[in-house]
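What follows draws every value from the coordinates through simple rules; no lab data is involved. This is a predicted model, so every value here is computed, not measured. All Cβ positions, glycine included, derive from the backbone under ideal geometry; neighbour counts span all protein chains shown.
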Amino acid sequence: MLRINQVQTEAGRRWTLSGRLTGPWVDELRTCWEHERQPAARAREVVDLSDVTSIDESGERLLSEMKTNGAKLIGSGVYTEHLLKQLQGKRK
């Protein structure tokens with residue numbers, strides 16, 4: 001299960017994810033992302049992965065796409081920090 005929480009602030013939109021970014025939950029996040037994000041407004045998009053417990057390959061691909069589209073990914077924990085470093089390297 002994945003919980004997706006979005007908050008609009010003056011600085012932009014913050015997405016907080018909790019649970020597993022795997023299987024059908026990846027498609028759910030993709031649908032929410034495509035429907036809710038506002039690329040034309042140039043609003044800053046921040047995706048907080050601090051409460052994500054696992055991420056499969058399809059989740060990693062989606063996060064990479066989100067990052068490519070300007071989202072700032074943040075998180076904590078050994079695995080999440082390692083993944084964020086890998087995604088940063090892929091962007092260069």
TODO: Residues being hydroxyl-bearing (Ser, Thr, Tyr) and either surrounded by 13 or more Cβ atoms within 10 Å (Cβ to Cβ) or within 15 Å of residue 12 (Cα to Cα) (or both): count how many of those fall in region 63-75.
DONE: 1
- [ ] Considering (1) outside any loop (DSSP other than H, G, I, E, B); (2) out of contact with any Gly (no Cβ under 8 Å at 6 or more places or on another chain); (3) not aliphatic (A, V, I, L, M), say which one residue 76 fails and leave the rest.
- [x] (1)
Task: In region 16-36, residue farthest from residue 69 (Cα to Cα) [restricted to those that are small (Gly, Ala, Ser) and surrounded by 14 or more Cβ atoms within 10 Å (Cβ to Cβ)] - done: 19
- [ ] State whether the residues of region 53-65 include one that is without any contact (Cβ under 8 Å) to a residue 24 or more places away in the chain, more than 11 Å from the chain's Cα centre (by Cα) and in a helix (DSSP H, G or I).
- [x] yes
